[in-house]
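What follows is a set of notes on a single structure, which appears directly below.
The values are calculated or read from the model by the stated rules, or taken from the named source; none is laboratory data. As the structure is a prediction and not an experimental result, all values here were calculated from the model. Virtual Cβ from ideal backbone geometry, glycine too; neighbours counted across all protein chains shown. Note: areas computed on protein heavy atoms with side chains; ligands, DNA, RNA excluded. Shrake-Rupley method; radii C 1.70, N 1.55, O 1.52, S 1.80 Å.
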Amino acid sequence: MMNRKVALGELLRVISLCQSVRLKGLDPFDVDVRRKLEVLRKYLPRWKTVDELLTDAEAFNELSTVIKLQGDWIKRQASMLYVDPTLVEMKLKLLEPEELSRCLLAAWRPLMVLEQITPKRLEEAADYWNTLPPLRERMRMEEVAETSPSSMSLLELLKFRFVSQAELKERVEALYSQLRKEAKSGRVDYWQFVLEDTYEKSVERAYYVAFMISQALATLEQDPLKGEIYIRPLDGQGKAAPMSSMPVPLTHEQWEKARRSGKHG
Amino acid sequence: MAEEEAEFIQKVRRAVRLLLFQRHRSPGIRGWELRKSLGKDYVKILELARRQLDELGLEIRVVYEQAEEPAKPTEEQLERARFYVVAKGPISPTEAHLSGWRVDELAMLSVALAYLYSKHGKASRGEVEQLLKEKFPEWVVGMTLDRFIKRGYLSQDEQDMLYAGWKARAEIDSRTLLQQVMGKEVGLK
């Protein structure tokens, strides 16, 4: 066990050495690759866990990178570009700034770039300028008219496309056939018919009921003694009921109260 | 035939415009952009553009993604490379001065690049600073190196290693720089 720990430490040292050569640009020949490969071979039979084998593979990979760097190093030294870095450093220390600047100028081929505007772009720019409103107009605050909340009529809803005509008709027809089915005795309790699982759905249903009434497909009846409201389906053939309005508020509190009283159909 | 020739001439002109006009933040144009605009024969068109530019004292410089210039670049390497137009000959000290370069800046860039080229293209920032501090004040060295990095002449990684930047690779002939440095006679005091 102890031996494996020591061996693993050795592998990590190999990895660290190779990495420092690769990252810090040190001489790759500082790494005795043959010796390190022998170390890897010696320890290979001892590895049992996946982690150990992965570390071994990493060390092998790092050593192969060093071999590549050694190859590059030899290629470079063999090329005409190779000059001894120590010699270059010494020269750089001895040369005067003016001479150094002349060295750079001799090797410098500045980039050539045109930033000239084209006639087409100029034309586009002129068009843009002509159509651009003055800054004072662009910076002006939008004037907002404050209006108090109010309800929208069905026509407005249709106009703003919140509701489509076909969709509205379809929903009203479905609700009407449901009403006829439920009102076998002639009429049905309004709250029982309107209430749904959620407040939003109940409001939507109440809205369609109101529309049904306006289309003479149903009428509302109120029991003045009990204070209960009923919906009675009509055949839709007759005239609309004489114009009378019966406000039925449907606040959230009322909805909750109606649900608690067990009116939910 | 005449139509084809006219089209070819048009393409050469377009190639020169593409090379010269700065369309992005950095100058030059990628190979794939040239292929997209000029067609698959873009290398041939560039060869003709090269002749046109030669008469104006300009040349096309190709900077590949990898540091080493490939002897026979592949199609993919060419498409990923950046193409620039550079001056064909060196510029005079007066021209350099007119373009806003001071002698000490030129000298510092010369030292930094020559040192990097001699060290296989990379060295730690500390080493370069140490060398520059022999002749320039410390605060000037740090500031100027940062400016070179910002202008693309040098690049620096997370390990504070310095490399020749994209602009140095496009503008500076490393071989000539080292030859110049090594060929200068030194007056020992």
| task | Compute the Cα gyration tensor for region B:65-166, then decide on rounded, prolate or oblate, letting a ≥ b ≥ c be the square roots of its eigenvalues: rounded whenever a/c is under 1.5, prolate when a/b is larger than b/c in the other cases, and oblate in all that remain. | result | oblate
| request: Would you give the gap between the C-alpha center of region A:91-137 and the C-alpha center of region B:60-122, rounded to a whole Å? | output: 17
| query | For chain A, what is the relative contact order in percent, using Cα pairs closer than 8 Å and at least 6 residues apart in sequence? | reply | 12
| What's the extension gain from A:Ser177 to A:Asn61 if we count 0.36 nm per residue and subtract their Cα-Cα distance? | 34.0 nm
| Residue-normalised accessible area of chain A, expressed per residue, 1.4 Å probe, Å² | 71
| task | For B:Lys36 paired with A:Met90, estimate the spin-label separation in nm (one decimal), with each label point 7 Å from Cα along the Cα-to-Cβ line. | result | 5.3
| said: With a 1.4 Å probe and all protein chains left in place, how much accessible area per residue does chain B have, in Å²? | reply: 57
| task | Taking a probe of 1.4 Å and counting only protein heavy atoms, give the total accessible area buried between chains A and B in Å², rounded to the nearest 100. | result | 4800
| Where a Cα-Cα gap under 29 Å defines reach, which lysines qualify for A:Lys184, not counting those fewer than 8 residues away within the same chain? | A:Lys169, A:Lys201, A:Lys226, A:Lys239, A:Lys257, A:Lys263
| query | Mind checking Rg over Rh on chain B, alpha carbons, Kirkwood formula for Rh? | reply | 1.03
| request: For helix A:97-107, report the angle its Cα long axis makes with the longest principal axis of the Cα atoms of chain A; keep it between 0 and 90° and round to the nearest 10°. | output: 70
| In cubic angstrom, how much convex hull volume per residue do the alpha carbon atoms of chain A span? | 498
| said: For a Förster distance of 30 Å, can you work out the FRET efficiency between the beta-carbons of A:Asp27 and B:Arg23, rounded to the nearest 0.05? | reply: 0.10
| message | Which residue fluctuates most in the GNM of chain B (Cα springs below 10 Å): B:Ile91, B:Ile149, B:Ile60? | response | B:Ile91
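Could you tell me the calculated FRET efficiency between A:Glu200 and A:Glu156, based on Cβ-Cβ distance and R0 = 22 angstrom, to the nearest 0.05?
So, using R0 = 22 Å, E works out to roughly 0.65.
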| task | Could you sort out which of A:Lys68/B:Lys88; B:Lys88/B:Lys133; A:Lys24/B:Lys88; A:Lys48/A:Lys68 sit more than 31 Å apart by Cα distance in this structure? | result | A:Lys68/B:Lys88; B:Lys88/B:Lys133; A:Lys24/B:Lys88
| Can you list the residues of region B:1-48 whose accessible area drops by at least 10 Å² going from the chain on its own to the full set of protein chains, with a 1.4 Å probe? | B:Leu20, B:Phe21, B:Gln22, B:Pro27
| query | Share of region B:78-128's accessible area from carbon and sulfur, percent, 1.4 Å? | reply | 57
| query | Just the C-alpha atoms of region B:2-89: what Rg/Rh do they give, with Rh taken as the Kirkwood radius? | reply | 0.96
